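Below is one structure; the comments refer to it alone.
The values are calculated or read from the model by the stated rules, or taken from the named source; none is laboratory data. Nothing here was measured: the structure is a model prediction, and the numbers come from that model. Cβ sites come from the backbone with ideal geometry, for glycine too, and all protein chains shown count toward neighbours. Side chains included, ligands, DNA and RNA excluded: accessible areas come from the protein's heavy atoms. Shrake-Rupley method; radii C 1.70, N 1.55, O 1.52, S 1.80 Å.
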Amino acid sequence: MVGGRARACSPRELTDNPEAWPEQPSTDTAAEAVRHIARTLALALDDRGLSLRATAAGSGVNRQAVADLLAGRSWPDVATVARLAHFTGTSLWPDSISIDRKRTH
C-alpha cells in the first residue's frame with residue numbers, strides 16, 4: 001500500500017478473508033510480515049505451552065498487545081517484536097517476504 005493507507009486498517013483486513021487470519025496470505029508486504037510474525041509467535045507459544053498472561057509477564061509486553069498481534073488486529077512495533085522474540089527464543093522476523101503481486105491495490 002502507498003503512504004499511510006496500510007495503517008488505516010489492520011493487517012488481517014489486508015487479506016481476502018480476514019476471518020482466516022493468520023493462514024490467509026496478503027498482497028501487502030507489511031501485512032504479510034505481521035502475518036509471519038503472528039504465525040511464528042503462535043507456534044512458539046503453543047510449543048512451549050505459554051499462555052498470554054505468562055507471555056506478557058515474561059516478555060514485558062502487555063497481554064492485550066500480544067493478543068492483538070496474534071489476531072492481526074494491530075501493527076506491532078520493533079520493540080514489541082524484539083521483546084517477544086527474546087522471551088520465546090524464537091526468530092520472529094521473516095527472512096524475506098513473498099507476495100502474490102497478481103492483484104493490484
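Expressed as a whole percent, the accessible area of the chain that falls on carbon and sulfur atoms is 49 (1.4 Å probe). Report, in deg cm²/dmol and to the nearest 500, the calculated mean residue ellipticity at 222 nm for the chain, where each DSSP H run with n ≥ 4 adds -39500 (n - 2.57) and the sum is divided by the residue count. Theoretical 222 nm ellipticity from helices: -14000 deg cm²/dmol.
Across all C-alpha atoms in the chain, the radius of gyration and Dmax reach 13.6, 42 Å. How high is the FRET efficiency between residue 54 and residue 77 when r is their beta carbon distance and R₀ equals 22 Å, given to the nearest 0.05? The formula returns an efficiency of 0.55 here. Computed across the range 54-94, the Kirkwood hydrodynamic radius from all distinct Cα-Cα pairs reaches 10.1 Å. Between 11, 76, 22, the residue with the greatest mean-square fluctuation in the GNM of the chain (Cα pairs under 10 Å linked by springs) is 76. Solvent exposure of the chain amounts to 58 Å² per residue of accessible area, where only protein heavy atoms count and the probe is 1.4 Å. Taking trypsin sites (Lys or Arg not before Pro) in DSSP loop conformation with at most 12 other Cβ atoms inside 10 Å as exposed sites, the chain has its longest uninterrupted site-free stretch at 1-100.
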